[in-house]
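**Q** This is the structure I have questions about; it appears just below.
The values are calculated or read from the model by the stated rules, or taken from the named source; none is laboratory data. The structure presented is a predicted model; accordingly, all values stated were derived computationally and were not measured. Positions of Cβ are generated from backbone atoms using ideal geometry, with glycine treated the same way; all protein chains shown enter the neighbour counts.
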Amino acid sequence: MDHFADRLRAAPQSRLQRGAAGEALAVARELSRRAQLLEEPGAEPREMPDAGMFAAADQLLVAAHDLALLLRSDDEVAEAVRLVEEARQRAGV
């Protein structure tokens, strides 16, 4: 997670605009959704807002941290890591 966030912070604005920030936000939203479902089963998850392309790295780290505190098994952790890695590859950073 940290590596992806660091790469986003170092990426030029043009790379962020071409989709890297969007990929980060999408995976942050998914991690946030999963965390909310674990924290409040049965409640409708709220969508993480788009705080802009320069905030995508921070949104990713916050969502990943929140989810990490709630995961109960190595398989759940591995799945979250897989989601982030796939997003990093799609983002090209």
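**Q** Check VAL62, VAL84, VAL27 and return the single one that is among the hydrophobic types (A, V, I, L, M, F, W, C), at pLDDT below 95 and part of a helix (DSSP H, G or I). Spell out the reasoning first.
**A** Working: VAL62 fails: at pLDDT below 95; VAL27 fails: at pLDDT below 95.
Criteria check complete, one pass: VAL84.
**Q** Follow-up. Report whether or not ALA5 is modelled with pLDDT under 95, buried (at least 17 other Cβ atoms within 10 Å of the Cβ) and out of contact with any His (no Cβ under 7 Å at 6 or more places or on another chain).
**A** So ALA5 passes the test.
**Q** I'd like to know if segment 23-35 contains one or more residues that are hydroxyl-bearing (Ser, Thr, Tyr) and surrounded by fewer than 19 Cβ atoms within 10 Å (Cβ to Cβ).
**A** no
**Q** Inside segment 30-44, can you point out the residues that are over 11 Å from LEU61 (Cα atoms) and without any contact (Cβ under 8 Å) to a residue 40 or more places away in the chain? Write out each step before concluding.
**A** So in segment 30-44, the residues over 11 Å from LEU61 (Cα atoms) come out as 30, 33-44.
ARG33, ALA35, GLN36, LEU37, LEU38, GLU39, GLU40, PRO41, GLY42, ALA43, GLU44, listed by residue number.
**Q** What is the one condition in (1) of a type outside the set (Lys, Arg); (2) assigned to a helix (DSSP H, G or I); (3) under 24 Å from ARG7 (Cα atoms) that MET48 does not satisfy?
**A** Every listed condition holds for MET48 apart from (2).
**Q** Can we say ALA57 is of a type outside the set (D, E, K, R), surrounded by 13 or more Cβ atoms within 10 Å (Cβ to Cβ) and either in contact with a Leu (Cβ under 6 Å, 6 or more places away or on another chain) or not in a loop (DSSP other than H, G, I, E, B) (or both)? Don't jump to the end; show me each part of the working.
**A** On the way: of a type outside the set (D, E, K, R): yes; surrounded by 13 or more Cβ atoms within 10 Å (Cβ to Cβ): yes; either in contact with a Leu (Cβ under 6 Å, 6 or more places away or on another chain) or not in a loop (DSSP other than H, G, I, E, B) (or both): yes.
For ALA57, the condition - of a type outside the set (D, E, K, R), surrounded by 13 or more Cβ atoms within 10 Å (Cβ to Cβ) and either in contact with a Leu (Cβ under 6 Å, 6 or more places away or on another chain) or not in a loop (DSSP other than H, G, I, E, B) (or both) - is met.
**Q** If you don't mind, there's one more thing I want to ask. Take the conditions surrounded by 15 or more Cβ atoms within 10 Å (Cβ to Cβ) and not hydroxyl-bearing (Ser, Thr, Tyr) and apply them to ARG82. Does it pass?
**A** no
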